[in-house]
Amino acid sequence: QLAAGLLDRLRELVAAEWAGGARCGDLCDATLDAMRTLLLAQAQRCYYERAAADGLSPRLLSVTASQTGTFYAQTGEQLRASPASPRVDSSWGEAVGLGAAVFDSLALLHRAEEHAAANEYGHQVARLAAGVERLRSALAASAQAAPKGRRASATVAPVSRAPLEAALARLEEAHAQADKDNTIVYLEPLPPASALSPVRGKAIVRPHSDPLEALEEEAWLLEGRRGEGDGSGPAAPGGEADPFAHLVPHSVQPALLAYASAAREALDGLHTRLEEERDSAASALLALDLPHALEAVEAAEAAGTAAGG
């Protein structure tokens, strides 16, 4: 985020230095925008990976992944629009294209998890099918473009398709299981792809030119306040309630787990003590023959009431 902020500052300096004059392609707006957006994509990806590792909700994961894919797609568009594009190794475009496909599909995977939690099994299968198709198309396009589209370079390594292949395997497995369950058990119709609402992303990163500002926003983001999904979370710096406000540092997780475990043990102990006290009271009543005595008194009172009537 700091690097993206520096590029914003560089753009201002370039505009002031070459006001109304020609610039080289490396310093034109489209090139600087592409580099800035790529840095934001990388930052957003870090937040997604941390949220996934911490097991946060599918809703948060879906919007974070969706925005990551959007950043990668925008980077590709800006690179193609840049005058420097002919001099940029084609592996850049391929890499950001694959990144967009991976995170678009992950957004669909997590939205499918939301559908499953809401018992919307037809929608779950349709989302997963769309994710599988997105990845297969990207993989086929990458394989087709690689032989003719990439210039030989001794300094640029080939683009790895491993993340895309791993995501494809994950979605294919989830789709196969969901489709099987729906076919055998739920029997819900599958909505057409056009009927599925798009997964709208949420940007939780932005350019920073001040390291202190970046640290303050990080502290705000990791504050850990409650209110996920109900609009009661803390307001973002722009005044908007942010759904990511409950994110907490990974170092806090062990303390939370220890607290939950201790609370569970305390409740289990109280429950056990309650059962023991109840059994003890029942034994005491039986020893005093109180249950039978009480029944006899109640029976006598009922008989007296009936005779008096």
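Once you have the Cα-Cα distance between residue 275 and residue 2, take 0.36 nm times their residue separation minus that, and quote the gain in nm to one decimal.
My answer for the length gained is 92.4 nm.
Extending each Cα 7 Å along its Cβ direction at residue 188 and residue 302, get the distance between those two points in nm, one decimal.
5.2
Calculate I(q)/I(0) for segment 55-137 by the Debye formula, one identical point scatterer on each C-alpha and no solvent, and give its log10 at q = 0.17, 0.24 Å⁻¹ to two decimals.
For the requested q values the scattering log ratios are -0.69, -1.04.
Rounded, prolate or oblate: which fits segment 96-144, taking a ≥ b ≥ c as square roots of the Cα gyration tensor eigenvalues, rounded meaning a/c under 1.5, else prolate when a/b beats b/c?
Oblate, since a/c reaches 1.5 and b/c is not below a/b.
Positive end of the charge dipole of segment 1-81 (Lys, Arg +1 and Asp, Glu -1 on Cβ, about the Cα centre): tell me which of 64, 13, 43 has its Cα farthest that way.
The Cα lying farthest towards the positive end belongs to 64.
For residue 140 and residue 165, calculate 0.36 nm times their separation in residues minus their Cα-Cα distance, and state this gained length in nm to one decimal.
7.9 nm
We did not get these values from a lab; they are worked out from the coordinates using the rules stated. Given the structure is predicted, the values throughout are model-derived calculations rather than measurements. No Cβ is skipped: glycine too gets one built from the backbone with ideal geometry, and neighbour counts run over all protein chains shown.
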